[in-house]
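Novice: Here you go, one structure.
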Amino acid sequence: MGEAPVRDAFSEAVEAERERRAGAIGGGALDRRSIAEQVSGRILAMIKSGNLKSGDRLPTEQKMSIAFGISRPPLREALKALTLMGVLTSRQGGRYTVTDLSPSRLVAPVNTLLSVADYDVHQQFEARTVVDLALVRLCAERASQDMRMRIMKLAVDGRAFEHDPVAFRLLDIEFHQAINAGANNGLLSALAQVLYDLGLDVRRTASELPGVIATSVEQHVAVADALLARDAAAAVAAYRIHLEHVRDSTIMVTGERS
């Protein structure tokens, strides 16, 4: 008895979405061109519209098959794809639940993909240039005064760790995460963390090269100065120089050439 309202609500939501798309895909049941893709698209649309929300448990596969008018194999393919995307999670008993949809969860598949791919320092820093500079600009525009002061303190504190690579790496993480937090964009911050973590073993070695930490510290201070002054252009310019330094020291370790 307790599952009937869930089934009915889900079926009604599916029917509403089916009617909305009827003109585009030609009728009630899904056509055979890309059934799994269309099912995953409909479930995503239901989440976007609010028909499905974080924490909602989906009906059984049998009930969803009836609601969508399809067999179980393409349904399972769609559910698996949405699980890999971090949109659904599979619980004991085979029922699927809509996740919290947090940025960190949604970029987790990207993190996994990058971790198993061949490391390419040039692609990494090209991506970091796009994502990190956007965050720095947003931080300059949005961060609270307390956050700007924290970023400055972390930058200046780095001077005490110029000869302690392990301690500096811990502080470096805090510095960059503070900038990301100040930008107030969870998805960009999560992407930035993925890119920061990529090739971290190489960065550990690079941080032990003579002069690398000292240069990074002063560049951190330059970025923090600009953020404290709310000068977005100067902050972006200073951060770009810092990224180039990190890239070049990484290339020294990997031996790659552009």
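The values are calculated or read from the model by the stated rules, or taken from the named source; none is laboratory data. This is a predicted model, so every value here is computed, not measured. Glycine also receives a Cβ, built like all others from the backbone with ideal geometry; neighbour counts cover every protein chain displayed.
Novice: Right, V217: at pLDDT 95 or above, among the hydrophobic types (A, V, I, L, M, F, W, C) and in the same structural domain as D132 (by TED's automatic domain parsing) or not?
Specialist: yes
Novice: Out of curiosity, is I47 assigned to a helix (DSSP H, G or I), within 30 Å of Q193 (Cα to Cα) and at pLDDT 80 or above?
Specialist: Yes: the conditions hold for I47.
Novice: From (1) surrounded by 14 or more Cβ atoms within 10 Å (Cβ to Cβ); (2) assigned to a loop (DSSP other than H, G, I, E, B); (3) modelled with pLDDT of 85 or more, pick out the condition that doesn't hold for Y119.
Specialist: Here Y119 clears every test but (3).
Novice: While we're here: Given the residues M152, M147, M252, which is the only one that is free of Cβ contacts under 8 Å to residues at least 40 places away in the same chain and at negative phi?
Specialist: When all the criteria are applied, what remains is M147.
Novice: Search the range 124-152 for residues being basic (K, R) and at pLDDT 95 or above, and hand back the single one that is nearest to the chain's Cα centre (by Cα).
Specialist: So the residue we want is R137.
Novice: Same structure again: In the list A214, A229, A238, A233, which residue meets the criterion of being in contact with a helix residue (DSSP H, G or I) (Cβ under 7 Å, 6 or more places away or on another chain) and of a type outside the set (K, R)?
Specialist: A238
Novice: Among the candidates L195, L187, L243, L227, single out the residue that is touching a Pro at 6+ places or on another chain (Cβ under 9 Å) and closer than 20 Å to V136 by Cβ.
Specialist: Residue meeting the stated conditions: L187.
Novice: Turning to a different aspect of this structure: Test of understanding: among A178, A229, A234, A238, which residue is under 22 Å from D146 (Cβ atoms), assigned by TED's automatic domain parsing to the domain that holds M147 and touching a Leu at 6+ places or on another chain (Cβ under 8 Å)?
Specialist: A178
Novice: Moving on. Considering only the range 194-233, how many residues are in a helix (DSSP H, G or I) and in contact (Cβ under 8 Å) with a residue 24 or more places away in the chain?
Specialist: Of the residues in the range 194-233, 25 are in a helix (DSSP H, G or I) and in contact (Cβ under 8 Å) with a residue 24 or more places away in the chain.
Novice: Still on this structure, please answer the following. Can you report the number of residues in the range 61-86 which are buried (at least 19 other Cβ atoms within 10 Å of the Cβ) and either at pLDDT below 85 or assigned to a helix (DSSP H, G or I) (or both)?
Specialist: Number of matching residues: 9.
Novice: Another question about this same structure. Within the range 96-107, is even one residue at pLDDT 80 or above, over 19 Å from A81 (Cα atoms) and polar (S, T, N, Q)?
Specialist: For the range 96-107, residues at pLDDT 80 or above, over 19 Å from A81 (Cα atoms) and polar (S, T, N, Q): absent.
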